[in-house]
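The values are calculated or read from the model by the stated rules, or taken from the named source; none is laboratory data. Since the structure is predicted, the reported quantities are computational estimates derived from the model, not experimental observations. With ideal geometry, Cβ positions are generated from the backbone for all residues, glycine too; neighbour counts draw on all protein chains shown. These accessible areas exclude ligands, DNA and RNA; they are computed on the full protein's heavy atoms, side chains included. Shrake-Rupley method; radii C 1.70, N 1.55, O 1.52, S 1.80 Å.
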Amino acid sequence: MSESSDDSQNAGSAKGEVRFYHLQRMPVERALRMILGRVIQRGQRAVVVGADSAHLKALDQALWAGDPNDFLPHGRAGDAAVAEHVADQPIWLTDDVPTADQPAPNAANVLLQIDGAGTEPDAMAQFAIGCDLFDGHDDGAVKAARERWVTYRDAGFDLTYWQETPQGGWEQKAAHSANAD
């Protein structure tokens, strides 16, 4: 990935930044692996919120089956083996969208939403960074992502839009600074 901003804290907006990732070639599992790898490298914690619990279960299995040298420690809601250790999970997979009153159970500072999951602005404000990954081949997903962009923009978040490049990286195509308004 080619974005180079420091993810440890976003100084531009008190509410943080929401990044939109327009997937055109790579599957969401690969994009998540790239982003989550950076989250772990930086010593951060993430919660991945999806609207489809079956997809989250498949993602959990894919993360376990990955290269052992690139293992991403994680747990998934509904997995009895980690039920008592949710707070210890650097990455938490769930279909339970965080709310302002119910933060991420693993004290995550990065939120990744997939499969059209949407987090209300008041809940998104608890994260330093939010990532919205959407399928660029699904017109409904693109339309919904545009609606989430407007919602977060109107709520005062800094926003960036990243489009996948033919080489498999990311190129920033648009940005909105809450301070510019």
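Count the DSSP beta bridges whose two residues both fall in the chain, then state the antiparallel fraction as a percent rounded to the nearest 5. Present the calculation step by step, with values, prior to reporting the outcome.
Details: 6 of 34 bridges.
The answer is about 20 percent antiparallel.
Once you've got the GNM for the chain with C-alpha springs shorter than 10 Å, pick whichever of Gln24, Gln167, Gln44 has the biggest mean-square fluctuation.
Of the options given, Gln167 has the highest mean-square fluctuation.
Taking θ = phi - 60°, what integer Hz values does the Karplus form 6.51 cos²θ - 1.76 cosθ + 1.60 yield along the stretch 124-137, in sequence order, with x for Gly and Pro?
4, 4, 6, 9, 5, 9, x, 10, 10, 9, 9, 7, x, 9
First measure r as the distance between the Cβ atoms of Glu84 and Lys173, then evaluate 1/(1 + (r/R0)^6) with R0 = 41 Å and state the FRET efficiency to the nearest 0.05. Mind showing how you got there, number by number?
Details: r = 43 Å, r/R0 = 1.05.
Result of the calculation: an efficiency of 0.40.
Select from His22, His85, His74 the residue whose mean-square fluctuation is largest in a Gaussian network model of the chain (Cα-Cα springs shorter than 10 Å).
Residue with maximal mean-square fluctuation among His22, His85, His74: His85.
With a 1.4 Å probe and all protein chains left in place, how much accessible area per residue does the chain have, in Å²?
Working: 8830 Å² over 181 residues.
Using a 1.4 Å probe on heavy atoms only, each residue of the chain averages 49 Å².
What is the packing order of peptides 119-125, 133-139, taking the mean over residues of other C-beta atoms within 10 Å and listing the highest first?
On the way: 119-125: 18.9, 133-139: 15.9.
Most protected by this proxy first, the peptides run 119-125, 133-139.
Could you name the lysines whose alpha carbon sits less than 19 Å from that of Lys173, not counting residues in the same chain fewer than 8 places away?
Correct list for Lys173: Lys143.
Of the heavy-atom accessible surface of the stretch 45-181 (probe 1.4 angstrom), what whole percent is carbon and sulfur?
Working: 3200 of 6710 Å².
That fraction is 48 percent.
Suppose each label sits 7 Å from its Cα in the direction of the beta carbon; what would the Ala100-Ala51 distance come out to in nanometres?
2.3 nm
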